[in-house]
Amino acid sequence: MIDSSLDNFNTEPMEKPASPARQTWKMFSSNQSAVAGLILLAIVLIFSLVGPLVYQVAPTEMVWMPLTPPLESEYLLGTDYLGRDILAGLINGGRITIAIGASAALLTIVIGVTIGALAGYYGGWVDNLLMRVTEFFQVLPNLLLAMVVVMLFSATLTNIAIAIGIVSWTSTARLTRAEFLRLRSMDYVRAERSIGAKNRRIIWAVILPNAAPPLIVSAALSIGTAILFEAGLAFLGLSDPNNMSWGRMIGDNRPYILDSWWGVTFPGIAIFLTVLAISLVGDGLNDALNPKLRKR
Amino acid sequence: MSSKDALLEVSDLKVHFPTRDGAIVHAVDGVTFSIKRGVAFGLVGESGSGKTTTALACVRLVDPTAGQITLGGDDITNIQGTSLRDARKKMQIVFQDPYASLNPRERVGSIVKRPLKLMNIGTATERDARVKELFEIVGLRPEQSELFPHQFSGGQRQRVGIARALATQPDLIVCDEPVSALDVAIQAQILNLLAKLKKEFELTYLFISHDLAVVQHICDEIAVMYLGQIVEQGSKKDIFRNPRHPYTKALISAVPSTDSIGKPREDRIMLDGDPPSPISLPTGCRFASRCPFAVESCEDTPPMLREISAEHSVACHRVDAAGNFT
Amino acid sequence: MQAPLLSVRDLEVSFQIGGSDVPVVRDLSFDVEHGETLGIVGESGCGKSMTALAIMGLVPNPPGRISKGSILLEGIDITTASEKDLQALRGNDMSMVFQEPMTSLNPVFTVGEQIAETARAHFGLSRAEARNKAIEILRLVGIPSPEKRVDDYPHQLSGGMRQRVMIAISLVCEPKLLIADEPTTALDVTVQAQIFDLFRELQEKTKTAIILITHDIGVVAEMADRVMVMYAGRNIEKGPAIDFIRAPQHPYTRGLISCIPTLQADPPDEPDALFEIPGVVPSAVELAKPGCAFAPRCPNVIDRCKVEFPPSTQIENNRSVSCWLAQEETV
């Protein structure tokens, strides 16, 4: 038994089902600065990931006279106070810097989203407890806490990434909690409960995807923050002695800044460009994922 | 009150919420009714009357503070976990706002199939066939199952919501203002669909609405709520032909009608002000402060809901046991 | 005969949608006389709210603009008036009540301050005088103990009270034209009855003309002297309210009136199925197509409807309808 009006009912033309991801890409690709950021980011990634295969100079070994300025030898960007090649340092350090940034950001997101989601969804005493913990981490001085963690457990790449992750998840947790608070009272969440969905499904498969847009933006931006944080730690001397990173290059060359401007400037530019690229991509994502700006 | 053919029985239901500053909101405060199988039971009232909270408590989407709810003879007031999930197969809900009740990131076919999956009903092929059938039942084309909610109009979304509610072949469907967010022309389509489904699948409705004309059209029995309590309850005929409670009368007479052009109805009972806050409730009749017929005793003691004829009950001091207004 | 208070001619409001200009209101002409109530009826997206905004000079620009026509309020053309002139008109000569009273009130000022501010700007009153004026108007709109309420913030009031405050603000300068866009849709029926009572009282007292925008046929019947029905941005039927209810002419109007359940004093046990207008209202982009926008949903459609929009045809006393069928009947 079908409505007699059925034939007339569906007068709307059938649209091809466009997935939200497709629409997001459409919005993103129409944003010039976001695309510029994405291209810049791609260049940085190719530079640091493919670079070591093409340019095979060891970044940690003395290869030429110390403090050679750029363009005065076969090592184009010059050498540092130990005669190490700056370009090799940039290429190899990029990989490490990005790896630390990405894994610290991943940790930030995992901790932040978990705590924020549980607090926002369950509310009550769970929320109270988790938010007090969050506030505790928020009031601790980030840099000091990270330094303590790194000094206690030795400066390996993993420990540095963990230290950064541990001190920077609080804002993600707050953001996630706010989104969950907003979304948990939506009727479609209620509908899920009425059809027998368990809390686990509602949190991770229903609310989280709907809360994702701001979290994706925040994740992207936190990679940039983590890279800056790593640089900060390295500047203070807390870096993995076995691996070159941009931050470590700046830290190592800091005492010789007056004799060799190139030792700190090139890694500085590399960090600046990478963080800029990530910010542009993050902003682009923010616009593309914001449903209010999307054409209906 | 208890009868064999009652599907849903609610007795002395209370739902209280604490506010931030420690006060208690008495959203639902002692509500008793029962719905027979195959009957559309309407709960009407204005905002703050507790009708939606009552409905949500009946399908256990809000936790009852006190009282008892039985569905098909089983007490579902406090069940949890698996037994609650099992009970949910038999009771479903259609929400007010079709824009908020569908997950924007899920294709509508998947939305309709979800209850079958979550409750382990049928094989994958059977579920697909069922979804196709449901789409046809509610007047959608099965090809549309690949679309996302935002690609539908409000009326079509509401059809998706109804299909989801029908998926597990429930006995009871709670309709929470199912047409009030829709355009008038679309309301008729959805109301006709709901009426048709009720007949075809012998459904039982708990129908929540503030719109008396809609309730009159769909429902067989009606309870009028005011500030967390039922003030009058009876068959459709009792309520509209012979309303006894002053609030029911005021409510009916306040509806603008096409019969009185250019002026309000002559029998309109105008109410002053707004309902009292459900946090600090009056000791006597909750309607007394706005009631044009209130006497002293109304302010002191709350009236009990009592039968004035078979299945017609009123809670008013001014209405005697025979149903006469004194 | 007195010149009409408001005279709208060939109004067109366009919106930039996806790079092209889409008219959301088209060929709209109507008058509002002093002291009368005109009901504008239609479903969401029919352009009724945009018409109201156009009269107030509040079409959001960009993306919208008045692309054609004129709106004369006592001889002043709103479409060409400067923002400064418009500001003087708004409040003094015309004001508007919106559907959602919570979002239309500023949450950080007391209701008294918001009313007094308007009164001070328009009458040049002192602070104390403006406050007294605010209390007076709050009493007029039926707010109990206005001396106390005047210092309340919007969130301290119920929905009905807030809407009354909105009405108080819009009436404080005794406008000649009040535009009420679904003023009671968010309110309960008993409160709606109070608000309409208030409208009637004020109209009696101040001879304010009211444009009442609504989707509720019952409201139109009770409140309006004349009715204009809009569909897909155009006026399709216009006439006295009583004719609109009793003998609607346009197939859409007929459908609209018969598809709503009406409250009956003696309801039947098994009500008949409601009349259905099949389909949905056309989307904004479809409005650019030629022909009558209602044709795909119309039970009486003829070939001509699909290619050409029917002109407004005068039928009997002050009624007009835009439908080829009516055209044929009168010819």
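Find the residue count for segment C:119-140, including only residues that are buried (at least 20 other Cβ atoms within 10 Å of the Cβ) and in contact (Cβ under 8 Å) with a residue 60 or more places away in the chain.
Total satisfying the criteria: 0.
Give segment C:254-281 a look and list any residue that's of a type in the set (Val, Ile, Thr) and surrounded by fewer than 20 Cβ atoms within 10 Å (Cβ to Cβ), or say none. Steps first, answer last, please.
In the first step, residues of segment C:254-281 are kept if they are of a type in the set (Val, Ile, Thr); the result is C:257, C:260, C:262, C:277, C:280-281.
Within segment C:254-281, C:262 is the sole residue that qualifies.
One line per residue, one yes/no per condition, for (1) out of contact with any His (no Cβ under 9 Å at 6 or more places or on another chain); (2) of a type outside the set (A, V, I, L, M, F, W, C); (3) without any contact (Cβ under 8 Å) to a residue 60 or more places away in the chain:
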{"residue": "B:8", "(1), (2), (3)": "yes, no, no"}
{"residue": "B:20", "(1), (2), (3)": "yes, yes, yes"}
{"residue": "B:25", "(1), (2), (3)": "no, no, no"}
{"residue": "B:29", "(1), (2), (3)": "no, yes, no"}
{"residue": "B:55", "(1), (2), (3)": "yes, no, no"}
{"residue": "B:58", "(1), (2), (3)": "yes, no, no"}
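Can you find a residue that is farther than 15 Å from residue C:199 by Cβ, among the small types (Gly, Ala, Ser) and touching a residue at least 24 places away in the same chain (Cβ under 8 Å) anywhere in segment C:165-177?
No, there is no match, as no residue in segment C:165-177 is farther than 15 Å from residue C:199 by Cβ, among the small types (Gly, Ala, Ser) and touching a residue at least 24 places away in the same chain (Cβ under 8 Å).
Name the single residue that is surrounded by the most Cβ atoms within 10 Å (Cβ to Cβ) among those in segment B:290-307 being within 14 Å of chain C (Cβ to nearest Cβ) and under 26 Å from the mean Cα position of the chain (by Cα).
B:291
Looking only at segment C:166-188, filter to residues that are within 14 Å of chain B (Cβ to nearest Cβ) and touching a Gly at 6+ places or on another chain (Cβ under 8 Å); which one of those is farthest from residue C:100 (Cα to Cα)?
C:188
Could you please give the count of residues in segment C:147-165 that are buried (at least 20 other Cβ atoms within 10 Å of the Cβ), part of a helix (DSSP H, G or I) and either more than 25 Å from the chain's Cα centre (by Cα) or more than 9 Å from every other protein chain (Cβ to nearest Cβ) (or both)?
First, pick out the residues of segment C:147-165 that are buried (at least 20 other Cβ atoms within 10 Å of the Cβ): C:149-150, C:154, C:157, C:160-165.
Subset that is part of a helix (DSSP H, G or I): C:149, C:154, C:160-165.
Within this subset, residues satisfying the condition of being either more than 25 Å from the chain's Cα centre (by Cα) or more than 9 Å from every other protein chain (Cβ to nearest Cβ) (or both) are C:149, C:154, C:162-165.
Matching residues across segment C:147-165 total 6.
Are any of the residues in segment B:48-68 within 14 Å of chain C (Cβ to nearest Cβ), at pLDDT 90 or above and closer than 26 Å to residue B:201 by Cα?
yes
Which condition number in (1) within 30 Å of residue A:273 (Cβ to Cβ); (2) of a type outside the set (Val, Ile, Thr); (3) within 14 Å of chain B (Cβ to nearest Cβ) is the one that residue A:242 fails?
(3)
How many of the residues in segment B:104-115 are surrounded by 24 or more Cβ atoms within 10 Å (Cβ to Cβ) and at the interface with chain A (Cβ under 9 Å from one of its Cβ atoms)?
The number of residues fulfilling the criteria is 2.
Residue under question is residue C:202, and the condition is that it be surrounded by 15 or more Cβ atoms within 10 Å (Cβ to Cβ), touching a residue at least 40 places away in the same chain (Cβ under 8 Å), in contact with a strand residue (DSSP E or B) (Cβ under 8 Å, 6 or more places away or on another chain) and more than 9 Å from every other protein chain (Cβ to nearest Cβ); does it hold? Let's see the steps before the verdict.
On the way: surrounded by 15 or more Cβ atoms within 10 Å (Cβ to Cβ): yes; touching a residue at least 40 places away in the same chain (Cβ under 8 Å): yes; in contact with a strand residue (DSSP E or B) (Cβ under 8 Å, 6 or more places away or on another chain): no; more than 9 Å from every other protein chain (Cβ to nearest Cβ): yes.
So residue C:202 fails the test.
For residue B:162, work out the one condition from (1) within 12 Å of chain C (Cβ to nearest Cβ); (2) buried (at least 24 other Cβ atoms within 10 Å of the Cβ); (3) touching a residue at least 40 places away in the same chain (Cβ under 8 Å) it doesn't fulfil.
Of (1) within 12 Å of chain C (Cβ to nearest Cβ); (2) buried (at least 24 other Cβ atoms within 10 Å of the Cβ); (3) touching a residue at least 40 places away in the same chain (Cβ under 8 Å), only one is false for residue B:162: (1).
Considering only segment B:165-178, how many residues are more than 24 Å from residue B:105 (Cβ to Cβ) and either in a loop (DSSP other than H, G, I, E, B) or more than 11 Å from chain A (Cβ to nearest Cβ) (or both)?
Final tally of qualifying residues: 6.
Do any strands (runs of 3 or more DSSP E) lying entirely in segment C:15-92 carry at least 3 residues that are on the phi < 0 side of the Ramachandran plot and surrounded by fewer than 20 Cβ atoms within 10 Å (Cβ to Cβ), and which ones are they?
It comes to C:20-32, C:64-73.
Checking residue B:219 against (1) within 12 Å of another protein chain (Cβ to nearest Cβ); (2) buried (at least 19 other Cβ atoms within 10 Å of the Cβ); (3) over 25 Å from residue C:272 (Cβ atoms); (4) touching a strand residue (DSSP E or B) at 6+ places or on another chain (Cβ under 9 Å), only one condition comes out false. Which one?
Condition not satisfied by residue B:219: (3).
Give the number of residues within segment B:131-149 that are under 13 Å from residue B:162 (Cβ atoms), more than 7 Å from every other protein chain (Cβ to nearest Cβ) and in a helix (DSSP H, G or I). Explain how you work it out, then say what you get.
Initially, segment B:131-149 is screened for residues under 13 Å from residue B:162 (Cβ atoms), giving B:134-140.
Within this subset, residues satisfying the condition of being more than 7 Å from every other protein chain (Cβ to nearest Cβ) are B:134-135, B:137-138, B:140.
Subset that is in a helix (DSSP H, G or I): B:134-135, B:137.
Matching residues across segment B:131-149 total 3.
Show the residue pairs that are 6+ apart or on different chains and have beta-carbon atoms under 6 Å apart, the first residue being within segment B:314-326 and of a type in the set (S, T, N, Q), the second being surrounded by 19 or more Cβ atoms within 10 Å (Cβ to Cβ) and at pLDDT 85 or above.
Within 6 Å, the pairs are B:326/B:318.
Helices (runs of 4 or more DSSP H) wholly in segment A:165-244 with at least 1 residues that are touching a Pro at 6+ places or on another chain (Cβ under 7 Å) - which ones? Spell out the reasoning first.
Numbers: elements: A:170-183, A:187-194, A:208-235.
Those helices (runs of 4 or more DSSP H) span A:170-183, A:208-235.
Any residue in segment C:299-318 that is surrounded by 15 or more Cβ atoms within 10 Å (Cβ to Cβ) and part of a strand (DSSP E or B)?
Of the residues in segment C:299-318, the ones surrounded by 15 or more Cβ atoms within 10 Å (Cβ to Cβ) are C:301, C:304-305, C:309-310, C:312-313, C:315.
After this cut, where a residue has to be part of a strand (DSSP E or B) as well, the list is C:313, C:315.
Yes: segment C:299-318 contains one or more residues that are surrounded by 15 or more Cβ atoms within 10 Å (Cβ to Cβ) and part of a strand (DSSP E or B).
What number of residues in segment B:79-103 are facing chain A (nearest Cβ under 7 Å) and either part of a loop (DSSP other than H, G, I, E, B) or under 15 Å from residue B:56 (Cα atoms) (or both)?
Let us first name the residues in segment B:79-103 that are facing chain A (nearest Cβ under 7 Å), namely B:85, B:88, B:92-93, B:95, B:97, B:100-103.
Subsequent filtering for residues that are either part of a loop (DSSP other than H, G, I, E, B) or under 15 Å from residue B:56 (Cα atoms) (or both) retains B:88, B:92-93, B:95, B:97, B:100-103.
The number of residues fulfilling the criteria is 9.
The values are calculated or read from the model by the stated rules, or taken from the named source; none is laboratory data. Please read these numbers as outputs of a predicted model, since none were measured by experiment. Positions of Cβ are backbone-derived with ideal geometry, glycine not excepted, and every protein chain shown enters the neighbour counts.
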